1. Tell me, please, whether a residue that is touching a strand residue (DSSP E or B) at 6+ places or on another chain (Cβ under 7 Å), at pLDDT below 80 and in a loop (DSSP other than H, G, I, E, B) can be found in the stretch 318-331.
2. Being farther than 15 Å from residue 260 by Cα and at pLDDT 90 or above narrows it down to one of 299, 311, so name that one.
3. Would a scan of the stretch 337-356 turn up a residue that is assigned to a helix (DSSP H, G or I) and under 20 Å from residue 214 (Cβ atoms)?
4. Does at least one position in the stretch 259-271 carry a residue that is at pLDDT below 85 and not assigned by TED's automatic domain parsing to the domain that holds residue 73?
5. Out of the residues in the stretch 358-388 that are part of a helix (DSSP H, G or I) and free of Cβ contacts under 8 Å to residues at least 40 places away in the same chain, which is surrounded by the most Cβ atoms within 10 Å (Cβ to Cβ)?
6. Which residue out of 319, 264, 323, 278 is crowded, with 17+ Cβ neighbours inside 10 Å, free of Cβ contacts under 8 Å to residues at least 24 places away in the same chain and either over 22 Å from residue 177 (Cβ atoms) or over 29 Å from the mean Cα position of the chain (by Cα) (or both)?
7. Tell me which residues, restricted to the stretch 202-218, are assigned to a helix (DSSP H, G or I) and either in contact with a strand residue (DSSP E or B) (Cβ under 7 Å, 6 or more places away or on another chain) or over 10 Å from residue 254 (Cα atoms) (or both).
8. List pairs: first residue in the stretch 56-67 and touching a residue at least 40 places away in the same chain (Cβ under 8 Å), second residue surrounded by fewer than 18 Cβ atoms within 10 Å (Cβ to Cβ) and assigned to a helix (DSSP H, G or I) anywhere in the structure, Cβ distance under 9 angstrom, at least six positions apart or on different chains.
(Lines give C-alpha, C1' and ligand atoms only; values in the text may rest on other atoms or scores of the structure.)
Protein backbone atom coordinates (compact mmCIF):
# COMPACT_ATOMS: atom_id res chain seq x y z
CA UNK A 1 0.00 0.00 0.00
CA UNK A 2 1.42 3.38 -0.93
CA UNK A 3 1.84 6.07 1.67
CA UNK A 4 -0.25 9.16 1.16
CA UNK A 5 1.29 12.23 -0.42
CA UNK A 6 2.32 14.70 2.31
CA UNK A 7 0.40 17.95 2.48
CA UNK A 8 3.56 19.91 1.85
CA UNK A 9 6.53 18.96 -0.24
CA UNK A 10 9.92 19.36 1.32
CA UNK A 11 12.30 21.63 -0.56
CA UNK A 12 16.00 20.87 -0.31
CA UNK A 13 18.56 23.46 0.68
CA UNK A 14 20.13 25.41 -2.14
CA UNK A 15 22.79 27.40 -0.35
CA UNK A 16 24.57 28.77 -3.40
CA UNK A 17 21.36 30.02 -4.98
CA UNK A 18 20.09 31.25 -1.63
CA UNK A 19 23.19 33.34 -1.06
CA UNK A 20 22.96 34.79 -4.54
CA UNK A 21 19.37 35.86 -3.92
CA UNK A 22 19.90 36.92 -0.33
CA UNK A 23 17.53 34.15 0.71
CA UNK A 24 17.53 31.08 2.88
CA UNK A 25 15.36 28.09 2.22
CA UNK A 26 14.33 25.72 4.98
CA UNK A 27 13.95 22.03 4.30
CA UNK A 28 10.89 20.85 6.16
CA UNK A 29 7.95 18.54 5.59
CA UNK A 30 4.53 19.41 6.97
CA UNK A 31 2.05 16.57 7.45
CA UNK A 32 -1.69 17.12 7.13
CA UNK A 33 -4.70 15.78 5.31
CA UNK A 34 -3.33 14.46 2.01
CA UNK A 35 -6.83 13.82 0.68
CA UNK A 36 -6.87 17.37 -0.69
CA UNK A 37 -3.51 17.97 -2.43
CA UNK A 38 -4.77 21.32 -3.76
CA UNK A 39 -4.33 22.68 -0.22
CA UNK A 40 -0.71 21.51 -0.03
CA UNK A 41 1.67 24.14 1.32
CA UNK A 42 5.42 24.53 1.07
CA UNK A 43 7.38 26.33 3.77
CA UNK A 44 10.18 28.64 2.65
CA UNK A 45 12.31 31.01 4.73
CA UNK A 46 13.10 34.20 2.84
CA UNK A 47 14.23 37.76 3.37
CA UNK A 48 13.07 41.03 1.83
CA UNK A 49 14.10 44.65 2.24
CA UNK A 50 12.66 48.09 1.56
CA UNK A 51 13.84 51.68 1.84
CA UNK A 52 12.87 53.61 5.00
CA UNK A 53 12.14 52.67 8.59
CA UNK A 54 8.42 53.44 8.82
CA UNK A 55 5.56 50.94 9.32
CA UNK A 56 4.94 51.22 5.57
CA UNK A 57 8.58 50.22 5.00
CA UNK A 58 8.01 47.15 7.15
CA UNK A 59 4.97 46.17 5.05
CA UNK A 60 7.00 46.66 1.87
CA UNK A 61 9.81 44.47 3.23
CA UNK A 62 7.32 41.72 4.08
CA UNK A 63 5.91 41.88 0.54
CA UNK A 64 9.44 41.73 -0.89
CA UNK A 65 10.18 38.65 1.23
CA UNK A 66 7.00 36.99 -0.06
CA UNK A 67 7.99 37.75 -3.66
CA UNK A 68 11.44 36.30 -2.98
CA UNK A 69 9.87 33.12 -1.59
CA UNK A 70 7.92 32.69 -4.83
CA UNK A 71 11.05 33.50 -6.85
CA UNK A 72 13.08 30.87 -5.03
CA UNK A 73 10.36 28.23 -5.47
CA UNK A 74 10.30 28.94 -9.21
CA UNK A 75 14.07 28.84 -9.63
CA UNK A 76 14.32 25.62 -7.66
CA UNK A 77 11.50 24.08 -9.71
CA UNK A 78 12.79 25.20 -13.11
CA UNK A 79 16.50 24.96 -12.39
CA UNK A 80 17.26 28.27 -14.09
CA UNK A 81 17.26 32.01 -13.32
CA UNK A 82 13.96 33.75 -14.03
CA UNK A 83 13.33 36.08 -16.93
CA UNK A 84 10.90 38.99 -17.16
CA UNK A 85 8.18 36.63 -18.35
CA UNK A 86 7.76 35.47 -14.75
CA UNK A 87 7.04 38.96 -13.34
CA UNK A 88 3.24 38.35 -13.32
CA UNK A 89 3.77 35.43 -10.94
CA UNK A 90 5.99 37.49 -8.66
CA UNK A 91 3.53 40.39 -8.70
CA UNK A 92 0.80 37.97 -7.57
CA UNK A 93 2.95 36.58 -4.73
CA UNK A 94 0.36 37.32 -2.04
CA UNK A 95 -2.13 35.12 -3.90
CA UNK A 96 0.08 32.10 -3.34
CA UNK A 97 0.91 32.85 0.30
CA UNK A 98 -1.29 30.85 2.67
CA UNK A 99 0.31 32.60 5.63
CA UNK A 100 3.63 33.88 6.92
CA UNK A 101 5.39 34.24 10.24
CA UNK A 102 7.98 36.96 10.99
CA UNK A 103 11.30 35.58 12.18
CA UNK A 104 13.15 38.86 12.44
CA UNK A 105 12.51 42.46 11.42
CA UNK A 106 15.36 44.94 11.69
CA UNK A 107 16.28 48.39 10.43
CA UNK A 108 19.73 49.76 9.64
CA UNK A 109 21.16 52.51 7.48
CA UNK A 110 17.73 53.73 6.42
CA UNK A 111 16.45 50.30 5.30
CA UNK A 112 14.07 47.79 6.83
CA UNK A 113 14.54 44.07 6.28
CA UNK A 114 12.16 41.25 7.20
CA UNK A 115 12.96 37.55 7.51
CA UNK A 116 9.87 35.39 7.17
CA UNK A 117 8.59 31.87 7.16
CA UNK A 118 6.34 31.89 4.11
CA UNK A 119 3.81 29.10 3.54
CA UNK A 120 3.02 28.93 -0.17
CA UNK A 121 0.01 27.19 -1.68
CA UNK A 122 1.82 24.87 -4.07
CA UNK A 123 -1.00 23.92 -6.43
CA UNK A 124 -2.11 27.39 -7.68
CA UNK A 125 1.53 28.42 -8.07
CA UNK A 126 2.33 25.24 -9.97
CA UNK A 127 -0.78 25.57 -12.17
CA UNK A 128 -0.14 29.24 -13.03
CA UNK A 129 3.53 28.55 -13.76
CA UNK A 130 2.60 25.69 -16.06
CA UNK A 131 0.04 27.82 -17.91
CA UNK A 132 2.60 30.60 -18.38
CA UNK A 133 5.30 28.25 -19.65
CA UNK A 134 2.94 26.44 -21.98
CA UNK A 135 2.00 29.72 -23.63
CA UNK A 136 5.68 30.56 -24.19
CA UNK A 137 6.65 27.26 -25.80
CA UNK A 138 7.77 27.25 -29.40
CA UNK A 139 6.62 23.64 -29.80
CA UNK A 140 4.17 21.46 -27.82
CA UNK A 141 5.69 19.26 -25.11
CA UNK A 142 6.14 15.59 -25.98
CA UNK A 143 5.18 13.12 -23.26
CA UNK A 144 5.53 9.37 -22.96
CA UNK A 145 3.17 7.37 -20.75
CA UNK A 146 4.17 4.33 -18.75
CA UNK A 147 1.02 2.85 -17.20
CA UNK A 148 1.11 -0.17 -14.92
CA UNK A 149 -2.27 -1.47 -13.78
CA UNK A 150 -3.25 -4.11 -11.26
CA UNK A 151 -5.39 -7.04 -12.42
CA UNK A 152 -7.42 -8.16 -9.42
CA UNK A 153 -8.67 -11.36 -11.05
CA UNK A 154 -5.16 -12.58 -11.85
CA UNK A 155 -3.48 -10.88 -8.86
CA UNK A 156 -0.83 -9.41 -11.14
CA UNK A 157 0.47 -6.12 -12.49
CA UNK A 158 0.90 -5.42 -16.20
CA UNK A 159 1.83 -2.67 -18.65
CA UNK A 160 -1.25 -1.16 -20.31
CA UNK A 161 -1.18 0.90 -23.49
CA UNK A 162 -4.89 0.93 -24.41
CA UNK A 163 -6.64 0.76 -21.03
CA UNK A 164 -9.28 3.16 -19.75
CA UNK A 165 -6.60 4.90 -17.67
CA UNK A 166 -4.42 5.41 -20.73
CA UNK A 167 -7.38 6.68 -22.78
CA UNK A 168 -8.51 9.24 -20.19
CA UNK A 169 -5.02 10.62 -19.65
CA UNK A 170 -4.08 10.65 -23.34
CA UNK A 171 -7.27 12.54 -24.23
CA UNK A 172 -6.71 15.07 -21.43
CA UNK A 173 -3.08 15.71 -22.41
CA UNK A 174 -3.93 15.91 -26.12
CA UNK A 175 -6.72 18.40 -25.39
CA UNK A 176 -4.13 20.66 -23.73
CA UNK A 177 -1.92 20.49 -26.83
CA UNK A 178 0.63 17.83 -25.84
CA UNK A 179 2.17 15.47 -28.36
CA UNK A 180 1.53 11.93 -27.08
CA UNK A 181 4.19 9.31 -27.72
CA UNK A 182 3.61 5.58 -27.46
CA UNK A 183 6.07 2.69 -27.04
CA UNK A 184 7.37 1.88 -30.46
CA UNK A 185 7.77 5.54 -31.45
CA UNK A 186 11.51 4.90 -31.19
CA UNK A 187 13.54 1.97 -32.46
CA UNK A 188 13.84 0.62 -28.92
CA UNK A 189 11.53 -2.26 -28.00
CA UNK A 190 10.76 -3.22 -24.40
CA UNK A 191 9.58 -6.48 -22.97
CA UNK A 192 6.80 -6.57 -20.39
CA UNK A 193 9.33 -7.37 -17.67
CA UNK A 194 11.56 -4.45 -18.70
CA UNK A 195 8.64 -2.00 -18.56
CA UNK A 196 7.66 -3.23 -15.10
CA UNK A 197 11.26 -2.86 -13.96
CA UNK A 198 11.46 0.70 -15.30
CA UNK A 199 8.25 1.63 -13.48
CA UNK A 200 9.56 0.21 -10.21
CA UNK A 201 12.95 1.90 -10.47
CA UNK A 202 13.80 5.52 -9.73
CA UNK A 203 13.53 8.68 -11.87
CA UNK A 204 16.79 7.99 -13.73
CA UNK A 205 15.37 4.86 -15.38
CA UNK A 206 12.16 6.68 -16.30
CA UNK A 207 14.18 9.57 -17.77
CA UNK A 208 16.18 7.17 -19.94
CA UNK A 209 12.96 5.53 -21.10
CA UNK A 210 11.51 8.93 -22.01
CA UNK A 211 14.66 10.08 -23.79
CA UNK A 212 14.65 6.93 -25.93
CA UNK A 213 11.06 7.70 -26.90
CA UNK A 214 12.00 11.31 -27.77
CA UNK A 215 9.88 12.73 -24.95
CA UNK A 216 10.36 15.87 -22.87
CA UNK A 217 8.66 14.26 -19.86
CA UNK A 218 7.50 10.85 -18.69
CA UNK A 219 4.12 10.31 -17.01
CA UNK A 220 4.42 7.12 -14.94
CA UNK A 221 1.10 5.83 -13.64
CA UNK A 222 0.41 2.94 -11.27
CA UNK A 223 -3.01 1.77 -10.15
CA UNK A 224 -3.95 -0.33 -7.16
CA UNK A 225 -7.36 -1.87 -6.46
CA UNK A 226 -8.80 -3.32 -3.28
CA UNK A 227 -12.19 -4.33 -1.85
CA UNK A 228 -13.46 -4.50 1.73
CA UNK A 229 -16.73 -5.33 3.45
CA UNK A 230 -18.40 -2.12 4.75
CA UNK A 231 -19.55 -2.31 8.34
CA UNK A 232 -23.32 -2.81 8.57
CA UNK A 233 -23.71 -3.34 4.81
CA UNK A 234 -25.71 -6.15 3.24
CA UNK A 235 -24.13 -9.46 2.46
CA UNK A 236 -23.78 -8.67 -1.26
CA UNK A 237 -22.24 -5.20 -0.85
CA UNK A 238 -18.51 -4.56 -1.23
CA UNK A 239 -16.56 -1.30 -0.98
CA UNK A 240 -14.39 -1.09 -4.09
CA UNK A 241 -11.40 1.23 -3.76
CA UNK A 242 -8.99 2.49 -6.42
CA UNK A 243 -5.73 4.33 -5.94
CA UNK A 244 -3.82 6.02 -8.74
CA UNK A 245 -0.25 7.24 -8.26
CA UNK A 246 1.30 9.52 -10.87
CA UNK A 247 4.97 10.48 -11.11
CA UNK A 248 6.30 13.09 -13.54
CA UNK A 249 9.97 12.91 -14.56
CA UNK A 250 11.83 15.32 -16.84
CA UNK A 251 14.00 13.60 -19.43
CA UNK A 252 16.47 16.49 -19.62
CA UNK A 253 17.36 16.60 -15.93
CA UNK A 254 16.23 13.12 -14.80
CA UNK A 255 14.41 14.68 -11.84
CA UNK A 256 11.10 13.78 -10.24
CA UNK A 257 9.06 16.97 -10.70
CA UNK A 258 5.77 15.87 -9.21
CA UNK A 259 4.19 12.95 -7.43
CA UNK A 260 0.48 12.88 -6.68
CA UNK A 261 -2.09 10.30 -5.70
CA UNK A 262 -5.84 10.05 -6.19
CA UNK A 263 -8.18 7.75 -4.30
CA UNK A 264 -11.83 6.89 -4.75
CA UNK A 265 -14.21 4.25 -3.45
CA UNK A 266 -17.73 3.09 -4.18
CA UNK A 267 -20.12 0.61 -2.54
CA UNK A 268 -21.28 -1.94 -5.06
CA UNK A 269 -22.55 -5.48 -5.50
CA UNK A 270 -20.29 -5.93 -8.54
CA UNK A 271 -16.61 -5.45 -7.66
CA UNK A 272 -15.52 -5.28 -11.32
CA UNK A 273 -17.84 -2.39 -12.25
CA UNK A 274 -17.26 -0.76 -8.86
CA UNK A 275 -13.51 -0.78 -9.38
CA UNK A 276 -14.04 0.64 -12.86
CA UNK A 277 -16.05 3.63 -11.60
CA UNK A 278 -13.70 4.22 -8.66
CA UNK A 279 -10.66 4.11 -10.95
CA UNK A 280 -12.10 6.73 -13.30
CA UNK A 281 -12.90 9.01 -10.34
CA UNK A 282 -9.37 8.61 -8.94
CA UNK A 283 -7.80 9.41 -12.32
CA UNK A 284 -9.77 12.63 -12.65
CA UNK A 285 -8.50 13.72 -9.22
CA UNK A 286 -4.86 13.64 -10.37
CA UNK A 287 -5.30 14.54 -14.04
CA UNK A 288 -4.76 18.30 -13.78
CA UNK A 289 -1.82 17.86 -11.40
CA UNK A 290 -0.19 15.50 -13.88
CA UNK A 291 -0.64 17.97 -16.76
CA UNK A 292 0.89 20.85 -14.79
CA UNK A 293 3.76 18.66 -13.61
CA UNK A 294 4.51 17.51 -17.15
CA UNK A 295 4.70 21.10 -18.41
CA UNK A 296 7.14 22.04 -15.64
CA UNK A 297 9.21 18.91 -16.25
CA UNK A 298 9.41 19.59 -19.99
CA UNK A 299 10.73 23.10 -19.29
CA UNK A 300 13.43 22.03 -16.83
CA UNK A 301 17.03 23.17 -17.18
CA UNK A 302 18.84 20.87 -19.55
CA UNK A 303 22.46 21.69 -18.89
CA UNK A 304 23.28 19.45 -21.84
CA UNK A 305 24.55 19.60 -25.37
CA UNK A 306 22.03 20.73 -27.95
CA UNK A 307 22.09 19.26 -31.46
CA UNK A 308 20.84 21.75 -34.03
CA UNK A 309 20.15 20.87 -37.65
CA UNK A 310 19.76 23.85 -39.99
CA UNK A 311 18.25 23.20 -43.42
CA UNK A 312 18.98 25.52 -46.33
CA UNK A 313 22.22 26.83 -44.87
CA UNK A 314 24.17 26.58 -48.12
CA UNK A 315 27.82 25.69 -47.57
CA UNK A 316 30.34 25.21 -44.76
CA UNK A 317 31.31 28.89 -44.72
CA UNK A 318 27.69 29.94 -44.17
CA UNK A 319 27.35 27.33 -41.43
CA UNK A 320 30.45 28.69 -39.66
CA UNK A 321 29.00 32.22 -39.83
CA UNK A 322 25.81 30.92 -38.23
CA UNK A 323 27.84 29.18 -35.49
CA UNK A 324 29.57 32.48 -34.75
CA UNK A 325 26.18 34.16 -34.33
CA UNK A 326 25.11 31.37 -31.99
CA UNK A 327 28.15 31.95 -29.76
CA UNK A 328 26.89 35.47 -29.12
CA UNK A 329 23.41 34.26 -28.14
CA UNK A 330 22.43 34.43 -24.48
CA UNK A 331 22.97 31.10 -22.69
CA UNK A 332 25.03 29.56 -25.51
CA UNK A 333 28.64 28.63 -24.79
CA UNK A 334 30.35 26.70 -27.53
CA UNK A 335 28.83 26.27 -30.99
CA UNK A 336 30.59 23.99 -33.46
CA UNK A 337 29.75 22.83 -36.97
CA UNK A 338 29.83 19.01 -37.07
CA UNK A 339 29.00 18.49 -40.74
CA UNK A 340 27.38 20.07 -43.81
CA UNK A 341 25.61 17.83 -46.31
CA UNK A 342 23.10 18.61 -49.04
CA UNK A 343 22.61 22.16 -47.83
CA UNK A 344 21.90 21.09 -44.22
CA UNK A 345 24.30 21.77 -41.36
CA UNK A 346 24.57 19.82 -38.11
CA UNK A 347 25.80 21.90 -35.17
CA UNK A 348 26.39 21.09 -31.52
CA UNK A 349 25.95 23.74 -28.82
CA UNK A 350 26.50 23.91 -25.11
CA UNK A 351 23.53 25.72 -23.62
CA UNK A 352 22.44 26.65 -20.08
CA UNK A 353 18.73 27.32 -19.97
CA UNK A 354 15.35 26.12 -21.16
CA UNK A 355 14.79 25.19 -24.79
CA UNK A 356 11.75 27.43 -25.29
CA UNK A 357 13.58 30.75 -24.81
CA UNK A 358 16.49 29.55 -26.99
CA UNK A 359 14.13 28.79 -29.88
CA UNK A 360 12.50 32.20 -29.44
CA UNK A 361 15.86 33.98 -29.54
CA UNK A 362 16.95 32.18 -32.69
CA UNK A 363 13.70 32.78 -34.56
CA UNK A 364 13.27 36.40 -33.45
CA UNK A 365 15.88 37.57 -35.92
CA UNK A 366 18.63 40.03 -35.21
CA UNK A 367 21.72 41.51 -36.80
CA UNK A 368 23.17 38.94 -39.19
CA UNK A 369 20.67 36.18 -38.34
CA UNK A 370 18.82 34.51 -41.23
CA UNK A 371 15.06 34.17 -41.08
CA UNK A 372 14.38 30.81 -39.44
CA UNK A 373 11.36 28.52 -39.25
CA UNK A 374 10.93 25.90 -36.52
CA UNK A 375 10.39 22.44 -38.00
CA UNK A 376 10.50 20.53 -34.71
CA UNK A 377 12.05 20.56 -31.24
CA UNK A 378 12.43 17.24 -29.40
CA UNK A 379 14.20 17.32 -26.06
CA UNK A 380 17.61 18.86 -26.78
CA UNK A 381 17.43 18.30 -30.53
CA UNK A 382 16.26 21.11 -32.79
CA UNK A 383 15.47 21.24 -36.50
CA UNK A 384 15.29 24.70 -38.08
CA UNK A 385 14.86 25.77 -41.68
CA UNK A 386 16.44 28.91 -43.20
CA UNK A 387 13.85 30.88 -45.16
CA UNK A 388 14.67 32.71 -48.40
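The values are calculated or read from the model by the stated rules, or taken from the named source; none is laboratory data. Predicted model, so just to flag it, every value in this text is computed and none were measured. Glycine also receives a Cβ, built like all others from the backbone with ideal geometry; neighbour counts cover every protein chain displayed.
1. First, pick out the residues of the stretch 318-331 that are touching a strand residue (DSSP E or B) at 6+ places or on another chain (Cβ under 7 Å): 319-320, 322-323, 326-327, 331.
From what's left, at pLDDT below 80: 331.
Narrowing further to those that are in a loop (DSSP other than H, G, I, E, B): 331.
Yes, the stretch 318-331 has at least one match.
2. 311
3. Looking for residues that are assigned to a helix (DSSP H, G or I) and under 20 Å from residue 214 (Cβ atoms), one finds at least one in the stretch 337-356, hence yes.
4. Of the residues in the stretch 259-271, the ones at pLDDT below 85 are 271.
When the remaining residues are screened for being not assigned by TED's automatic domain parsing to the domain that holds residue 73, the result is 271.
Yes, some residue in the stretch 259-271 is at pLDDT below 85 and not assigned by TED's automatic domain parsing to the domain that holds residue 73.
5. 362
6. 264
7. Scanning the stretch 202-218 gives 203, 206, 207, 209, 210, 212, 213.
8. Sorted first by the residue in the stretch 56-67, then by its partner, the pairs are 66/94.
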